[in-house]
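Okay, so here's the structure we're looking at.
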Amino acid sequence: MNSILISVIIPVYNGAEYIQRLLRNFSLQTFQDFELIFIDDGSTDGTYNEIIRLSGKFGFLISAFRQKNKGVSAARNYGIGKSKGKYICFCDVDDAINVNFFDLMLAPFNRDNMLDLSICKYKIYRNNSENIEMLQVPNGKYEHYLSRKTMLDKLLFLKLHIIHCCMMVKKDFLIKHNIHFAEGYRYGEDFDFLWRVLINVTQNVCYLDFPLYYYVWNPHSAMSVFNESRLDTLVVYAKLEAYVTSIDKKFAVKFCKYWKSRSLWSTMRQGATKMSYSEFLQLCRSYDVRANMSRLLFYRDFKVILTAFLFCISPFLFYEFFRIIKINVH
């Protein structure tokens, strides 16, 4: 019988300085039947040796594997293949989780054996030096069961902000539907994975309306740097559109209209704040941005509608708007 209930996949590239802090965080979990699977993605700072050095100092199973630098998606896929648990979770090496993460995420499965996944909220911390407050889970109703349709709509219009690290999913579910992370891309692979999971769900989804995952935003991380590789998302999401259409043609009508265009909107917003106007215009010409912006004129977010409308009038208005006015958007 499988003695490990939960497997946590942790890709690492040059993250030796965070290993001990992360292991201490997991040692505080109120539920201890889990394993950590580290995949060292070609680190040069002694990450693998640091994992091995610390692996025997904690009361839970820690495994470490090495691969040539292939990227975070390949590392996560490798980790899934090596996992022994019934349930799969993901964590980044510089992040943290609430001390009750496993207990609370696992509880819905114990009540409903047909459940495929549970999802929680996350809280953002702006840098690694910021003290992460382990939030106390409140008494009262914060656990909700959302229908598949509601979950898909909320994610499509970003009324629900979740990431792959906010989920606990059955490993058998991933195997059954052949779901894995898209390899060879720097951006978009995480949402691609999330969508592939959600579009295949047939039961209600348990949503914990409370931040149990703590995401640390690093100003030097890949997500904080703007370059054209951010447009990887267009390639990833084009393939995703075909996949969603093959599973649910009705939902795919909305998905193909909005998701890739909303992603491009976000990319152009970031480009406006980090590029010269001539560079920005070149980017616009290369990716037919105006056609995508026109699709967002009926999107369910006023800020997106307004700025997409400005772009359709003149890319310069869009560019200047985001250089002058800072809006807290995702």
**OP:** May I ask you to give the percent of accessible area on segment 1-136 that is carbon plus sulfur, with a probe radius of 1.4 Å?
**Re:** 49
Original post:
Short version: ³J(HN,Hα) in whole Hz for each residue of segment 96-105, in order, from phi by Karplus 6.51 cos²θ - 1.76 cosθ + 1.60 (θ = phi - 60°), x for Gly and Pro, what are they?
Top reply: 8, 10, 5, 4, 9, 3, 5, 4, 6, 6
Subject >> Average accessible surface area per residue within segment 101-212, 1.4 Å rolling probe, Å² >> reply: 45
**OP:** Rounding to the nearest 20 debye, state how big the charge dipole of segment 49-191 is about its Cα centre with +1 on each Lys and Arg Cβ and -1 on each Asp and Glu Cβ.
**Re:** 360
Original post:
Which pairs in the list Lys123/Lys303; Lys70/Lys170; Lys70/Lys171; Lys70/Lys249; Lys159/Lys254; Lys159/Lys260 are over 27 Å apart, alpha-carbon to alpha-carbon?
Top reply: Lys70/Lys249
Original post:
So which lysines pass the test for Lys274, namely a Cα distance under 16 Å, with those fewer than 8 places away in the same chain ruled out?
Top reply: Lys326
**OP:** Could you pull out every residue, at least 5 positions away or on a different chain, whose amide H is within less than 5 Å of the one on Leu61? Hs are placed 1.01 Å off N in the peptide plane, and Pro or chain starts have none.
**Re:** Phe34, Leu36
Original post:
What is the diffusion coefficient of segment 9-144 in µm²/s, taking the Kirkwood radius over Cα pairs and the Stokes-Einstein relation at 25 °C with a viscosity of 0.890 mPa s?
Top reply: 152
**OP:** Step through the residues of segment 262-271 one at a time and calculate ³J(HN,Hα) from phi using the Karplus curve (6.51 cos²θ - 1.76 cosθ + 1.60, θ = phi - 60°), rounding each to whole Hz and writing x for Gly and Pro.
**Re:** 5, 5, 5, 4, 5, 5, 5, 4, 5, x
**OP:** Sort out for me the Cα centre separation of segment 280-330 from segment 180-221, rounded to whole Å.
**Re:** 25
Subject >> 1.4 Å probe accessible area per residue over segment 1-54, in Å² >> reply: 42
**OP:** Specify which residue in the list Pro11, Ile325, Gly46 is farthest towards the positive end of the charge dipole of the chain, using unit charges on the beta carbon of Lys, Arg (+1) and Asp, Glu (-1), about the Cα centre.
**Re:** Ile325
**OP:** Between Arg262, Arg186, Arg300, find the one with the highest GNM mean-square fluctuation for the chain; connect C-alpha pairs within less than 10 Å.
**Re:** Arg300
**OP:** Using a 10 angstrom cutoff on alpha carbons, build the Gaussian network for the chain and name the most mobile of Ile119, Ile52, Ile19.
**Re:** Ile52
**OP:** Starting from 0 in steps of 10 Å, tell me what percent of the Cα-Cα pairs of the chain lands in each bin.
**Re:** 5, 24, 33, 25, 11, 2, 0
Subject >> For the chain, the longest site-free run once GluC sites (Glu not before Pro) in DSSP loop states with at most 15 other Cβ atoms within 10 Å are removed >> reply: 184-330
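When the accessible area of segment 174-307 is split by element with a 1.4 Å probe, what percent falls to carbon and sulfur?
Taking all protein chains in place, segment 174-307 shows 55 percent carbon and sulfur surface.
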**OP:** Quick one: compute the contact order of segment 250-330, relative version, from alpha carbon pairs under 8 angstrom and 6+ residues apart, as a percent.
**Re:** 32
Subject >> Among Gly56, Gly15, Gly46, residue whose mean-square fluctuation peaks in a GNM of the chain (springs only between Cα atoms under 10 Å) >> reply: Gly56
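The values are calculated or read from the model by the stated rules, or taken from the named source; none is laboratory data. Just so we're clear, the structure is a prediction, and the values are computed from it rather than from any experiment. As a convention, Cβ positions derive from the backbone with ideal geometry for all residues, glycine included, and neighbour counts pool all protein chains shown. Ligands, DNA and RNA are excluded from the accessible area calculation, which covers all protein heavy atoms including side chains. Shrake-Rupley method; radii C 1.70, N 1.55, O 1.52, S 1.80 Å.
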